[in-house]
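S.K.: I'd like to ask you about the structure that follows.
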Amino acid sequence: MSIDGSDVERITNGEGYVANPSWNPNGQSIAFAWTRGFEPGAYNIFVMNLATKDLGQLTTNAGKNESPFWAPDGAHLVFQSTPTHGRTAQIYTMLADGKNQQKLTTQGDNTQPVWSNAIN
């Protein structure tokens, strides 16, 4: 979409629900949560290269994988994940291709992660 709201383009096929879009700092791709092919409310993280329309699914576990947010380097993402039978969300990080997923939190309910680009 253009800055004035014109030229709107759907990037998914309309199947399921899409939430939490996050632009890669390079402006070339977007990460988002999508229920594509899953039970309603069971989100996974996807990334689309906007120039080629190539779509990659980064998470595949059951439950809700939501709120992806890019690191300033554009090579990593953080996201929240709530297991199917769990009540609390935890924060994870992964590479932009979905590999090397690591759990960052273990207690409490942790949601909507963001990655700072502050310089010390």
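S.K.: Determine if the range 64-77 includes at least one residue that is among the polar types (S, T, N, Q) and open to solvent by 60 Å² or more (accessible area, probe 1.4 Å).
M.R.: no
S.K.: Before we move on, is Asn49 surrounded by 14 or more Cβ atoms within 10 Å (Cβ to Cβ) and polar (S, T, N, Q)?
M.R.: When the stated conditions are applied, Asn49 does not pass them.
S.K.: I've got another one for you. Please go through the range 47-101 and give me each residue that is part of a strand (DSSP E or B) and over 13 Å from the mean Cα position of the chain (by Cα), ordered by number.
M.R.: Asn49, Thr82, Gln90 - these are the residues of the range 47-101 that are part of a strand (DSSP E or B) and over 13 Å from the mean Cα position of the chain (by Cα).
S.K.: Still on this model: Scan the range 21-46 for residues that are within 18 Å of Thr111 (Cβ to Cβ), part of a strand (DSSP E or B) and open to solvent by 20 Å² or more (accessible area, probe 1.4 Å) and jot them down.
M.R.: Hit for the range 21-46 is Pro21, nothing else.
S.K.: Look at Gly5 and say whether it is open to solvent by less than 80 Å² (accessible area, probe 1.4 Å), part of a loop (DSSP other than H, G, I, E, B) and either in contact (Cβ under 8 Å) with a residue 12 or more places away in the chain or in contact with a helix residue (DSSP H, G or I) (Cβ under 6 Å, 6 or more places away or on another chain) (or both).
M.R.: no
S.K.: Related question: Report whether or not Asp97 is of a type in the set (Asp, Glu), within 24 Å of Trp115 (Cα to Cα) and surrounded by fewer than 17 Cβ atoms within 10 Å (Cβ to Cβ).
M.R.: yes
S.K.: Would you mind finding the one in Gly86, Gly16, Gly5, Gly41 that is in contact with a Lys or Arg (Cβ under 6 Å, 6 or more places away or on another chain), more than 20 Å from Asn100 (Cβ to Cβ) and at pLDDT below 90?
M.R.: None of the others qualify; the one that does is Gly16.
The values are calculated or read from the model by the stated rules, or taken from the named source; none is laboratory data. Computed from a predicted model, the values in this text were never measured in an experiment. For neighbour counting, all protein chains shown are included, and Cβ atoms are generated from backbone atoms with ideal geometry for every residue, glycine included. Areas reflect the complete protein model, heavy atoms only, side chains present, ligands, DNA and RNA absent. Shrake-Rupley method; radii C 1.70, N 1.55, O 1.52, S 1.80 Å.
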